[in-house]
Amino acid sequence: MLFWHLGATLWLFRWIFRDPKVDVRFLFAGAVVPDVVDLTLGTMILSESHAIGELWLHTLLTPSIYMIGVLLLTRRGRRRRAYMALGVGWLFHILLDGMWTDPEVIFWPFFGWELPVGQTPFWPLAWQRALSDPWRWVLEAIGLAYLIWLWFAAGLNQRERREGLLGSGRIPGGPVAQDV
């Protein structure tokens, strides 16, 4: 669920924090890193023992340790803000995945050291689950619709504005940068 995570994470961040200086590149990285790492680990590297896409990066412990590390190892400024945006995006990912419904994962290791095991083979069953769940596609459409709206509202269809976003990580100025 790529567009759901990207769009909803950006919307939540802008609604809650209202920080026009956020580096959305780091926020987006945080929104996808749990799935990229856990899907790779759980379905390819550890497929015999886990066969699941929600492992250690979908727990509260891992992003908490990451964010404590950022606070201890960086000073105030743009670099800390960027790294903290990654952590916030990561936490929003966990929220948007509804991980509170799986206490063995979100509160790992407090309910034991073992993580849940999925059904094998993972990928054919994942496609079955995705195609049979219309709510998943509605959420993807919502995320994509917000990103498309923001694209035009921020004027990212203009080359210089896109280059500014790619260079600084900030959504170009105007009311869109400050308002949701």
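Coordinate-derived values only; no laboratory data. Quantities reported herein were computed from a predicted structural model and do not represent experimental measurements. Ideal geometry is used to build each Cβ from the backbone, glycine not excepted, and the neighbour counts take in all protein chains shown.
For this structure, a couple of remarks:
- If a spin label sat at a point 7 angstrom from the Cα of Arg76 along the line to its beta carbon, the backbone N atoms of the range 1-36 nearer than 20 Å would be those of 17-23.
- Calculated from backbone phi, Karplus (6.51, -1.76, 1.60) coupling profile of the range 63-77 in Hz, x at Gly/Pro: x, 5, 4, 4, 5, 5, x, 4, 5, 7, 9, 10, 9, 3, x
- Per-residue 3J(HN,Hα) values for the range 141-158, derived from phi via the Karplus relation 6.51 cos²θ - 1.76 cosθ + 1.60 with θ = phi - 60°, read 5, 5, x, 5, 4, 5, 5, 5, 4, 5, 3, 7, 5, 8, x, 6, 6, 9 Hz in sequence order (x marks Gly and Pro).
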